[in-house]
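Written out below as structure tokens is the structure these notes cover.
Just so it is clear, none of the values below were taken in a lab; they were calculated from the coordinates. Since this is a predicted model, take the numbers as computed values, not measurements. Glycine also receives a Cβ, built like all others from the backbone with ideal geometry; neighbour counts cover every protein chain displayed.
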Amino acid sequence: VTLDVKAQHLDVRTPAFCLNLPLPHPVYRSQQAGPLTAAEKILAAHLHPEAARLDRGKYNLFYPDRVNLQDASAQTALLQFMLTRAPSVSVPTSVHCDHLIVGSPEGADRDLALAKDQNEEVFSFLESASKRFGVAFWPPGSGIIHQIVLENYASPGMLMIGCDSHTPNAGGLGCLAIGVGGADAVEVMSGQPWELLVPKIIGVELKGRLNKWCSAKDIILHLAGQLTVKGGTGHIIEYFGPGTQTLSCTGMATICNMGAEVGATTSIFPYAEPQEAYLRFTGRGAQADEANAVAHDLLRADPGCAYDQVITVDLDQLEPHFNGPFTPDLATPLSAFANQAREKQWPLELSAALIGSCTNSSYEDMTRAASIAQQAIDKGLTAAVPFFITPGSEQILQTCRRDGVLDVLERAGGTVLANACGPCIGQWSRPTMEDGVPNSILSSFNRNFAGRNDGNKQTHNFLCSPEIVTAMAFSKSLTFNPLTDSLLAADGTSFKFSPPEGESLSAAGFENNVVKPSAVPEPDLSINVSIDPTSTRLQRLDAFAPWDGQDFQNLRVLIKVKGKCTTDHISAAGPWLKYKGHLENISQNTLITAVNAEHDRLNSVRNYLVDGENYGTIPEVAAAYRDAGVQWIIVGDENYGEGSAREHAAMQPRFLGCVAVVCRSFARIHETNLKRQGVFPLTFADPNDYDQLCSSDIVDLIGLRPGEAPALRVRRSEQEEEFTVPLRHTLSPIQMDWIRSGSALNYIAQTIAA
Ligand code: F3S
């Protein structure tokens, strides 16, 4: 679909509520270009003024309205921003301290105090850099980025980027919110236009109404099974149809949040009554009024708009789902789950139940979970396994506390963790579970890669709705079906759960005692952001060296990765999160959990600079190559770099001397992150050529200049003939400039200096 946009930059302005700032932006007049989807209207409204067209599948330049950073990604983003020498941020930006807080059975108060103590240097850096550059700083304990953004910043019609893959959460409020790497954020923060490959659009039609045991979570769990972790790649998922009107705004946010699990660029719902109600509930009645005035023209799809693919989900037919283990697209409906668990020999005894996180900590989620918990309490039961609740924000915590919702969950045996990511990102202290012991947990989180929650690769995490997690917590068995099976009450009688009940918003409104930073603080130029050169947590960044435009000769294949390689495999989280601000130290985790196709082992690669069969860890050998002046490449399989927006997964290989990743296919954010860090992301023209390469090969990378055909020239041994493997890339002219400059950051710094 091609839209002739230039003539449409008329006198209409994006309403100020979309920006939290009176910045003028041209708005696309949909009437003059044929029917548009809601996402297209937002993209067109944020196009660079000189952009003439909006072509799906082609690069274009945009001006996003705001940037959100979480504490792990913010360290690098702010360190990179400092390299640009820009005096302050050019668009509203916020930093949220949520990833560095460990959740433990001891609960929120102790965990928060410990986290503040252990991360004092990092939190101080983030706070002082935020003040210096005019960024809103949300301290540890204030909540998880996506929940705070939904409550305070996201607006219908806004184009937002965030350094976290679940940024699309804000799509529930009609905001086009895209997860990116830190270098993208720095580009926007420093006032540059931002380049995006305009996605295609999958229309998901929701029909009917969910039955009482189902929730919004089950819609996206079902869709993930249908689309798989790659099915949304290069697409926006736009929801429409009468079923959308049966969901709450926060339920829609859950669905958009987990669009990341199918690789979608973002997901969005049209603006209607549920969004209006949420805006009013969160104290933004004036925004609701303004949105109502333009909703028909600007915030909803036009009848007859074109989708590249349409999927219909009949909500009446949907069952609760369990997705996992180890991948979010292995979807099993409840009625088949017990048999599946037995057949697949998953550990049948449940070892922990976790609800909340950025995905599922809304008032509706908590009240529905509490309604199940109350039924069990009434029968004299408490949870049969450790039961953890992670509130998404201080505001939702206080609201649930005031209304007695948390009291119910605690009386059921639940432990309230800090308002932070905690177990969702490997920040889970779990003293009762030994590493390596196979066990099953249920969570309402969004992601379940091996090792993600407690660091134990044998923890089987099944994703489901908070109410299903809660019901199962009283049985301790993975084969329990809360819809049909009975439990034994304390008095020896048996009982069945009734379906959960909840309220999407509290009748008493949102508790509003929370101290909030100014949305757009003035930069404090008097602050000197200092970094201790002996710190193990923070390190100033040096600019990467530019590319001379020549072919690369005599490259080593550091590793040929076999199978799934997510950003967790390339740059693990958990305990490594503490080194996010120190590139040299965090690089010690590079690819340590990726499977080496040469021998199927982890973190072991041959060092070809040393005679004999000399194997070392991946970071060791990579650094040895770099220090000897030998550049190297990674060979990857399908959907390389899936998962998060983690830009360290691109920065670390670059820091260690990687010049290219060659694979069968890439996950979108990671592919862009590689380009921004000056690494060539290349795919095999014929995916079968993956099988041709060995880790012992010496290769030349040729044909990278514009107009040439990229290829690998492969030499194996003196006995075998050299052969050529054709490659492809998706580098636009600007992205080529990034690589030529050494990184996108170098390019921005040159642009600002000029
Ligand atoms: Fe945090 Fe997990 Fe969400 S890491 S941002 S709670 S996906």
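Mind sorting Ser357, Ser717 by how few other Cβ atoms lie within 10 Å of their own Cβ, fewest first?
Listing Ser357, Ser717 from fewest to most nearby Cβ atoms yields Ser717, Ser357.
Please report, in cubic angstrom per residue, the volume enclosed by the convex hull of the alpha-carbon atoms of region 61-317. Please report the intermediate quantities before stating the final value.
On the way: hull volume 36.1 nm³, N = 257.
In region 61-317, the Cα convex hull volume per residue is 141 Å³.
Using only alpha carbons, build the gyration tensor for the chain and give me the equivalent ellipsoid semi-axes, biggest first, whole Å. Walk me through the intermediate numbers first.
Numbers: eigenvalues 299, 201, 130 Å².
Gyration-tensor ellipsoid for the chain: 39, 32, 26 Å.
Report the convex hull volume per residue for region 321-482, counting only C-alpha atoms, in Å³.
Roughly 94 Å³ of hull volume per residue.
Treating only the Cβ of Lys, Arg, Asp and Glu as charged (+1, +1, -1, -1), what charge dipole size does region 61-317 show about its Cα centre? Round to the nearest 20 debye.
Details: 15 positive and 28 negative charges, 26 e Å.
My answer is approximately 120 debye.
Could you tell me how far the Cα centroid of region 617-665 sits from the Cα centroid of region 465-531, in Å?
39
Which ³J(HN,Hα) values in Hz, rounded to whole numbers, follow from the phi angles of region 36-45 under the Karplus curve 6.51 cos²θ - 1.76 cosθ + 1.60, where θ = phi - 60° and Gly and Pro get x?
Karplus values, whole Hz, x for Gly and Pro: 10, 7, 4, 5, 4, 4, 5, 4, 5, 5.
For the residue pair Leu114 and Glu718, what label-to-label distance in nm results when each label sits 7 Å from Cα along the Cα-to-beta-carbon direction?
Label-label distance for Leu114 and Glu718, simple model: 6.0 nm.
Can you give me the long-range amide H partners of Val595? Hydrogens built in the peptide plane at 1.01 Å from N, cutoff under 5 Å, separation of 5 or more residues or another chain.
Hits under the 5 Å cutoff: Lys562.
List the residues whose amide H sits under 5 Å from the amide H of Phe723, counting only those 5 or more places along or on another chain, with H placed 1.01 Å from N in the peptide plane.
Amide H neighbours of Phe723, under 5 Å, 5+ apart: Val714.
Ignoring the sites themselves, what is the longest stretch of the chain with no GluC sites (Glu not before Pro) in a DSSP loop and at most 11 other beta-carbon atoms within 10 Å?
51-433
Can you report the principal axis dimensions of region 185-300 using only the alpha carbons, biggest first, rounded to whole angstrom?
Ordered largest first, region 185-300 gives principal extents of 48, 39, 23 Å.
Using Cα-Cα distances under 8 Å and only pairs 6 or more residues apart, what relative contact order does region 552-753 have, in percent?
21
Return a whole-number percent for the relative contact order of region 321-482, with Cα pairs under 8 Å and 6 or more residues apart as the contact set.
It rounds to 36 percent for region 321-482.
Tell me the relative contact order for the chain as a rounded percent, counting alpha carbon contacts under 8 Å between residues six or more apart.
RCO, the chain: 14 percent.
Normalised radius of gyration for region 552-753, please: alpha carbon Rg relative to 2.2 N^0.38 Å, two decimal places.
For region 552-753, the normalised Cα radius of gyration is 0.97.
Given the pairs Lys230/Lys496; Lys560/Lys675; Lys217/Lys457; Lys58/Lys564; Lys41/Lys578; Lys207/Lys476, which are separated by over 30 angstrom at their Cα positions? List each step's numbers first, then the result.
Working: Lys230/Lys496 39 Å; Lys560/Lys675 20 Å; Lys217/Lys457 25 Å; Lys58/Lys564 28 Å; Lys41/Lys578 40 Å; Lys207/Lys476 35 Å.
Exceeds cut-off: Lys230/Lys496; Lys41/Lys578; Lys207/Lys476.
How charged is the neighbourhood of Ala711? Take every other residue with its Cβ under 12 Å from the Cβ of Ala711, and add Lys/Arg as +1 and Asp/Glu as -1.
-4
Report the normalised scattering of region 632-676 as log10 I(q)/I(0) at q = 0.21, 0.22, 0.29, 0.32 Å⁻¹, calculated by the Debye formula with identical scatterers on the alpha carbons.
With no solvent term, the Cα-only Debye profile gives -0.61, -0.67, -1.14, -1.30.
Provide Lys580, Lys562 in ascending order of the number of other Cβ atoms located within 10 Å of each residue's Cβ, fewest first.
Listed from fewest to most nearby Cβ atoms, that is Lys562, Lys580.
Mind checking the dipole of the chain: about its Cα centre, +1 per Lys or Arg Cβ, -1 per Asp or Glu Cβ, Debye to the nearest 20?
Charge dipole of the chain: 360 debye, to the nearest 20.
Using the Karplus curve 6.51 cos²θ - 1.76 cosθ + 1.60 with θ = phi - 60°, work out ³J(HN,Hα) for each residue of region 257-273 in order, rounded to whole Hz, and write x for Gly and Pro.
So the J values, rounded to whole Hz, are 3, 7, x, 4, 6, 9, x, 5, 4, 6, 9, 8, 10, x, 6, 7, 4.
Aspartates and glutamates near Lys516 by alpha-carbon distance under 15 Å, same-chain residues fewer than 8 away left out - which ones?
Glu127, Glu151, Glu394
Which listed residue (Asn554, Leu583, Ile634) has the Cα farthest towards the positive end of the charge dipole for region 552-753, taking +1 on Lys and Arg C-beta and -1 on Asp and Glu C-beta about the Cα centre?
Leu583
Please name whichever of Ala376, Gly436, Tyr363 sits farthest to the positive end of the charge dipole of region 321-482, dipole taken about the Cα centre and charges placed at Cβ: Lys and Arg +1, Asp and Glu -1.
Farthest towards the positive end: Gly436.
Please give the calculated 222 nm ellipticity per residue for the chain, where each DSSP H segment of at least 4 residues contributes -39500 (n - 2.57) and the sum is spread over every residue; nearest 500 deg cm²/dmol?
Result for the chain: -8000 deg cm²/dmol, rounded to the nearest 500.
Only counting other Cβ atoms within 10 Å, I'd like Phe123, Phe723, Phe684, Phe269 sorted with the fewest neighbours first.
Fewest-to-most Cβ neighbours within 10 Å comes out as Phe723, Phe123, Phe684, Phe269.
Considering only Pro325, Ala301, Val416, whose Cα is most displaced toward the positive end of the charge dipole of region 292-422, charges sitting on Cβ of Lys, Arg (+1) and Asp, Glu (-1)?
The listed residue farthest towards the positive side: Val416.
Per residue of region 679-689, what does 6.51 cos²θ - 1.76 cosθ + 1.60 with θ = phi - 60° give for ³J(HN,Hα)? Whole Hz please, x for Gly and Pro, Karplus curve as stated.
Computed from phi, the couplings for region 679-689 are 9, 6, x, 10, 10, 5, 4, 10, x, 5, 5 Hz.
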